[in-house]
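Presented below is the structure to which this report refers.
The values are calculated or read from the model by the stated rules, or taken from the named source; none is laboratory data. Note that the coordinates shown come from a computational prediction; the quantities given were computed from them, not determined experimentally. Please note: Cβ atoms are built from the backbone with ideal geometry, for glycine as well, and neighbour counts cover all protein chains shown.
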Amino acid sequence: MTTLRSVTVPVGELSATIGLLEYLVLDEQLCWIRQQEGLVGFGEAARFTSTGPERFSLAEQWWRSVLASADVENPLSFAGTGLVAFGSFAFSKRSPFQSRLIVPEVVVGLRDNESWVTYTTADPDAELSEETAKAALARYLEDLPLYREHDPADRIVPGMLSESEWKNAVARSVAHIAAGDLSKIVLARDIAVELGSPLVASQVLRELAVRYRDCWTYSVDGLIGSTPEMLIRVQDGTAQARVLAGTLDRATAPAGDPDYATRVLAGSDKQQHEHQIAIDSLTRALEPFTSSMTSHTEPFVLELPNVWHLASDVSAELAADGSGMVPTPLTLVEAVHPTAAVCGFPTSVAGELISELEHMDRGPYAGPVGWMDGAGNGEFGIALRGAVIEKPTRVRLYAGCGIVAGSNPAAELEETWSKFRPMLEALSLDRPRAVAQRSGDLAAAPAAS
């Protein structure tokens, strides 16, 4: 294995207005940003890929071996400094998608008004200093960011299932629930966006980060989006998670009714039931690794630009094992994924039914995405409200809904469109007036800008 050498140096204050957004300039870069803070990565110093049920443990082994041989100079003590790897993992253990960890050549970080640059190389002769770190960053910033105007040829086309076929899958799911096979399933669908001119991914990321400041905007190897759901955050021996289940579209809300979201979400037995399943799923999986755990006694209403969600934050103190080590972010990710919030309950039954009904490979959609450092800190969200860039002029979007007893197929279809909206808006597209109903028919109506 190649030995990595790394140096982290503090830098001057970044703009309080745009924070890390000024570093989102390239299409092929890594990022994890919330409220303009986080990490932005450039280039690649090392990479690991794997598939199958052992994808998390294999990635963990690789990361431990990288850290064991690395030469790291880091005078700072913030989470995200020193050697950092960005990761994206397949939702399903059966997926052919290559789960991956990527160590960037350069990382720019900003947290609590502290900013830094980390430079990592496999070159044994490279000079590591403040000057070389800043020079490496400067090379990536030589070109001005690109901008793309809406192209009249841009259009939305159906995914693997037509709308009517997907509603039928929802109805079949409800029938399975009524039969007692399971209590919840999260059913997803896809659409594709075909562009008349090449996508500018950095522009899309900037749009998402500005519009959805309270979400985590991510980019890892062509997987981009802005997720509202934190799967696991680990810092200084404490694990945190944000669980969402229960959704209400803001576009259809009546005007002049400030209590509408609370009344409809918190007052709905269906929404509360779906949310409790998601909370129980996470806490059961996390409990063996903790010494104590707390969560909201009642969920709160999370307000986002496109929807409201029922949300709960969970916090846990991690328990050390016999050798005095606390579990790493990847250990916890493997333990809790997939949660009921993105799969269903029981997860084994829901997972089998998802494969049967969705007629697609989710790839990295609804899988863990985020970063971790060499000190055991890390943040992994769930890859929601996002897309996979399949080629410069084709992007595939995904959205899913929690199906429980009483779910209505037409209402669940509308919910998917509300969840497609963040990416569609960032692509300067609206939902088309008419979408072709057959999955093989690409004669969909052009989407208005």
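Which of the following residues is over 30 Å from residue 196 (Cα atoms) and out of contact with any helix residue (DSSP H, G or I) (no Cβ under 8 Å at 6 or more places or on another chain): 93, 134?
The match here is 134.
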*Among the residues listed as 256, 267, 246, the single one being closer than 22 Å to residue 422 by Cα, among the small types (Gly, Ala, Ser) and in the same structural domain as residue 403 (by TED's automatic domain parsing)*: 246
*What is the residue count in the range 318-359 for residues that are part of a helix (DSSP H, G or I) and among the aliphatic types (A, V, I, L, M)?*
10
*Please work out if residue 228 is modelled with pLDDT under 95, exposed (fewer than 15 other Cβ atoms within 10 Å of the Cβ) and touching a strand residue (DSSP E or B) at 6+ places or on another chain (Cβ under 8 Å).*
no
_Single residue of 144, 137 found to be modelled with pLDDT under 95, under 19 Å from residue 40 (Cα atoms) and surrounded by fewer than 12 Cβ atoms within 10 Å (Cβ to Cβ)_ = 144
_Residue list for the range 81-92, restricted to those being part of a loop (DSSP other than H, G, I, E, B) and in contact with a Ser or Thr (Cβ under 8 Å, 6 or more places away or on another chain)_ = 81, 82, 83, 89, 90, 92
*Inter-residue pairs, beta-carbon under 6 Å, first free of Cβ contacts under 8 Å to residues at least 12 places away in the same chain and in the range 43-70, second surrounded by 18 or more Cβ atoms within 10 Å (Cβ to Cβ), 6+ apart*: 58/50
*Looking at the range 147-183, which of the residues that are acidic (Asp, Glu) and farther than 16 Å from residue 401 by Cβ is surrounded by the most Cβ atoms within 10 Å (Cβ to Cβ)?*
154
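Polar (S, T, N, Q), within 20 Å of the chain's Cα centre (by Cα) and closer than 24 Å to residue 74 by Cα: is that true of residue 61 in this structure? Outline the logic, then answer.
Working: polar (S, T, N, Q): yes; within 20 Å of the chain's Cα centre (by Cα): no; closer than 24 Å to residue 74 by Cα: yes.
Taking the combined requirement at face value, the residue does not satisfy it.
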*Of all residues in the range 196-211, which are closer than 19 Å to residue 417 by Cα and either over 18 Å from the mean Cα position of the chain (by Cα) or surrounded by fewer than 23 Cβ atoms within 10 Å (Cβ to Cβ) (or both)?*
207, 211
*Within the range 93-124, count every residue that is in a loop (DSSP other than H, G, I, E, B), crowded, with 21+ Cβ neighbours inside 10 Å and polar (S, T, N, Q).*
0
*Please enumerate the residues belonging to the range 125-134 that are surrounded by fewer than 17 Cβ atoms within 10 Å (Cβ to Cβ) and either among the aliphatic types (A, V, I, L, M) or assigned by TED's automatic domain parsing to the domain that holds residue 330 (or both).*
126
*asked:* For a quick check of your reading of the model, give me the residue pairs whose first member lies in the range 395-413 and is over 14 Å from residue 248 (Cα atoms), whose second is surrounded by fewer than 17 Cβ atoms within 10 Å (Cβ to Cβ) and modelled with pLDDT under 95, with beta-carbon atoms closer than 7 Å and at least 6 apart or on different chains.
replied: 404/270; 406/270
